[in-house]
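I have placed the structure first, in the form of structure tokens, so that the comments after it can refer back to it.
The values are calculated or read from the model by the stated rules, or taken from the named source; none is laboratory data. Note that the structure is a prediction, hence the values are computed from the model and not measured. With ideal geometry, Cβ positions are generated from the backbone for all residues, glycine too; neighbour counts draw on all protein chains shown. Heads up: the accessible areas ignore ligands, DNA and RNA and are worked out on the full protein's heavy atoms, side chains in. Shrake-Rupley method; radii C 1.70, N 1.55, O 1.52, S 1.80 Å.
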Amino acid sequence: MIVLGNFIEKFYQFVDKIGKQNFILIVFILFVILLTGLYQTFSLFTSSEGMDIVDGVKTYHFILNNDINENTITIPANSSRNIQVTISNPGDVSLKYGLYYSSSSDLTLVSLGYLIYSTYLPTGLISSKDSCEVSLKINNRSDNDISVKLGVAYGLENGGDLLLDTNSHWFSLYYSPLSDMPVGSYVKYVGNNGCSGKACEGQNANYVSEDNMGYCNYSEQKFKTKGWRIAYVEDGSAYLISAGSPECMCTGSDGTIGSCSSAETTTGLPKHMDNLNKTALKYCNSTYAYGGECNRSNTWNMNDNDFKKLTGYALNDNLNKSGYYSSNDLINNGSAYWFTAPNGTELAYGWRPTNLDVDIYHSTYALGVRPITKLKSSIVVTGGSGTYADPYTIENKVLTPFKLSEADPGSYVKYTGNNGCSGTACEGQNANYVSDSDMGYCYDSNYKFNANGWRVAYSKDGTAYITSAGAPECMCTNSSGVAGTSCSDYETTAGVPKHLANLNAKALTYCNSSYAYGEKCDSNSAWNMNDTDFQNLTGDTLKLAYGKDFGFYDDFSLINNNGYYWFVTYSISSTITFNWDPSYRSVDYYNSHVAIGVRPVLRLRSSVKVVSGLGTYADPYVIE
């Protein structure tokens, strides 16, 4: 007590000596210092400089308890950045943290968030003396550079909710496209276009168990894996391949699939090749398939082109190249299977697992079928890690807004022309339309169009080209060069120039300058479907297509829409022009006095974007 009394007496002497006012000031200064220390300990954001590393990922290190300004990252137009953030807590207590962003740029066409495979979430709890890594992505699909500020908010573990100002936002999940995932990753996928049972999920032919995964040709040659994998990625789309083989196939001398006693020997083995592709097509799923429908443009048996994508070499270069691809498990999967080789080769190629090489076989051998399917660019990863045990789960997720030029061909678009067309035809309703079960026709009522409205035909140089799904009107040209719907004789001038000009003039009436390329309606933004359009849709010219096997374009609904219509092109004859003939499902030619459908093709400007809709017939994309 004596010691305490002496301390109190000396304290009062100290106060009297410096004065009460000065004492209060000293106490206030000490309080400010203490408060400042607390603020520095629990400041709302902190970061250090980012640095570029070899793989191009931008990295940032946020150290809690240091008061340093936010970091800003610039994303150039039409590009994306992966960002790795490390958050460190050097303090003695656990802290809550949350990554946030803010921007004064227009983020309408920007997607950003944390990646599904991120080691840690962008919000959580970090222990004392610990650190965590968060993987982020910013995808700028706009035509302008953007700037985004990154920061970290944090507080005590048992404190209140972390708060942000109204201009800042927490990072949420970034829906990563499947096309961003590594080649070889496993994907949970089910075909539904005619396949049956577990084979649709990628289970192999003759499968017994995980220790006996099935085989084709010889039971000693068993597949090592099953399911579906990413074969390669191209132009924003992932291409899946069966890991093993969901079924085995041979082709007999009569061209049929089944128990084959003698080989189909026609030069190029066309029937065998066709059978392989038709069998592979059963494993398509239109929900995920590029273009939204199952056809040979998005699903086929593994071919020479796929082999080149996987190995860098052609099949021809690899005959009997023993053991060369033993380490490539997308090629060497344990058992024998077919490659769909180019026509012109008398024998078909196959993988020979015994020698680990490519060889040639007769079509009587029952080897595996390995479907390849091209998926929509809108397929995103929703779960999984991409391993055999935990494959990626996927979903077709249309994230609006986005540029119409990024939409898959075949997508439906809500669009109305206004340059001279009339009524519902401007919306793409077909000539003679009655109802969705009677969609109208031109020339022959037995061949009615199977769709109406507008669809994305293709995209090129950053712009979308849309076409009518059917034909909004019919047209012929008479001997005087006048367009009509009832023409008794045809215009015979060399190359039928009036007829071709009339078709283009009619198509121009469906232009809309609000969306048109160059913001005006002219020959650069609107025309009737022509040879170039046909090539972009099929890969063939009209001249090559003429005389092709009936039904060759059956799977191309942008071509085969079940009704008659004109193509604008100078034909092999001076008095006729090409058309689509639905009775033979092939390209043919007619005289100009026949009233056949007009199919406008419209080039839209690059800034047209999708703001809603699914791109289906029932729910077309809404654009602005």
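Take the cross-link list Lys278/Lys376; Lys460/Lys548; Lys376/Lys448; Lys448/Lys609; Lys376/Lys460 and give me the ones stretching past 25 Å between alpha-carbons.
Result: Lys460/Lys548; Lys376/Lys448; Lys448/Lys609 exceed 25 Å.
Pop a pseudo-label 7 angstrom from the Cα along the beta-carbon direction at both Thr119 and Ser172 and give the gap in nm to one decimal.
Going by the 7 Å Cα→Cβ label model, 2.7 nm.
For the charge dipole of the chain, defined by +1 on Lys and Arg C-beta atoms and -1 on Asp and Glu C-beta atoms about the Cα centroid, which residue among Tyr337, Tyr515, Ile576 has the Cα displaced farthest towards the positive pole?
Of the candidates, Tyr515 comes out farthest on the positive side.
Top to bottom by accessible area (1.4 Å), largest first, where do Trp351, Trp170 land?
Trp170, Trp351
Could you tell me which Cys residues in the chain have no other cysteine's Cβ under 4.7 Å from their own Cβ, answering none if every one has a partner?
When partners are defined as cysteine Cβ atoms under 4.7 Å apart, the chain leaves Cys132 without one.
Please pull out the direction-averaged projected area of the chain, using the convex hull of its alpha-carbon atoms, in nm² to one decimal place.
If I average the Cα hull's projected area over directions, I get 41.7 nm².
Using a 1.4 Å probe over the heavy atoms of the protein chains, calculate the carbon and sulfur portion of the accessible area of the range 479-624 as a whole percent.
Ligands and nucleic acids excluded, carbon and sulfur reach 47 percent.
Once the piece of chain linking Lys548 and Glu210 is laid out straight, how much longer is it, given 0.36 nm per residue of separation minus the C-alpha distance between them?
My answer for the length gained is 117.1 nm.
Assign unit charges at the C-beta atoms only (+1 for Lys and Arg, -1 for Asp and Glu), then state the dipole size of the range 492-624 relative to its Cα centre in Debye, rounded to the nearest 20.
Here the size comes out at about 380 debye.
Which of the peptides 327-338, 468-479, 210-221, 91-102 is most tightly packed, and how do the rest follow, judged by the mean count of other Cβ atoms within 10 Å per residue?
So the peptides 327-338, 468-479, 210-221, 91-102, ranked by packing, come out 468-479, 327-338, 91-102, 210-221.
Quick one: grab the alpha carbon gyration tensor of the range 470-624, order the square roots of its eigenvalues as a ≥ b ≥ c, and give me rounded if a/c is under 1.5, else prolate or oblate depending on whether a/b is larger than b/c.
oblate
How far apart, in nanometres, would the label points at Asp235 and Lys520 be if each is projected 7 angstrom from Cα along the Cα-to-Cβ direction?
3.1 nm
How large is ³J(HN,Hα), in whole Hz, for each residue of the range 404-419 in order, when computed from phi with the Karplus curve 6.51 cos²θ - 1.76 cosθ + 1.60 and θ = phi - 60°, using x for Gly and Pro?
Couplings: 4, 5, 8, 6, 6, x, x, 4, 8, 10, 7, 8, 9, x, 8, 10 Hz.
Any chance you could run the full-extension gain for Ser583 through Lys224? It's 0.36 nm times the residue separation minus the Cα-Cα distance, nm to one decimal.
124.5 nm
Points 7 angstrom from Cα along the Cβ direction at Ser259 and Ser104: gap in nanometres?
Once both label points are built, they end up 8.0 nm from each other.
In the chain, which helices (entire DSSP H runs) extend 20 Å or more along their own long axis, judged by Cα positions, while averaging at least -0.5 on the Kyte-Doolittle scale?
Helices passing the filter in the chain: 2-18, 20-41.
Of all the accessible heavy-atom surface of the range 150-223, with the other protein chains kept in place and a 1.4 Å probe, what percent is carbon and sulfur?
Carbon and sulfur: 45 percent of the exposed surface of the range 150-223.
Run the reach check for Lys96 against aspartates and glutamates, Cα to Cα strictly under 19 Å, same-chain hits fewer than 8 apart removed. What comes back?
Within the straight-line cut-off, Lys96 pairs with Asp67, Glu70, Asp130, Glu133, Glu157, Asp161, Asp165.
What list of ³J(HN,Hα) couplings, whole Hz, do you get for the range 597-602 from phi and the Karplus terms 6.51, -1.76, 1.60, once you set θ to phi - 60° and write x for glycine and proline?
x, 9, 10, x, 10, 10
To the nearest 500 deg cm²/dmol, what mean residue ellipticity at 222 nm is calculated for the chain from DSSP H runs of n ≥ 4 alone, each contributing -39,500 (n - 2.57), summed and divided by the residues?
Taken over the chain, the calculation gives -4000 deg cm²/dmol.
Need the list of lysines near Lys321 for cross-linking: C-alpha distance under 26 angstrom, and skip anything on the same chain fewer than eight residues off.
By straight Cα distance, Lys321 reaches Lys222, Lys224, Lys226, Lys308, Lys309.
I'd like the distance separating the alpha-carbon centroids of the range 299-352 and the range 168-204, in whole Å.
The two parts, judged by their Cα centres, are 24 Å apart.
What shape does the range 223-345 take by its C-alpha gyration tensor, where a ≥ b ≥ c are the square roots of the eigenvalues and a/c under 1.5 counts as rounded, a/b above b/c as prolate, and the rest as oblate?
Because a/c hits 1.5 or more and a/b fails to exceed b/c, the range 223-345 counts as oblate.
When ligands, DNA and RNA are left out and all protein chains stay put, how many square angstrom of accessible area per residue does the range 505-568 have with a 1.4 Å probe?
Ligands and nucleic acids excluded, the result is 42 Å² per residue.
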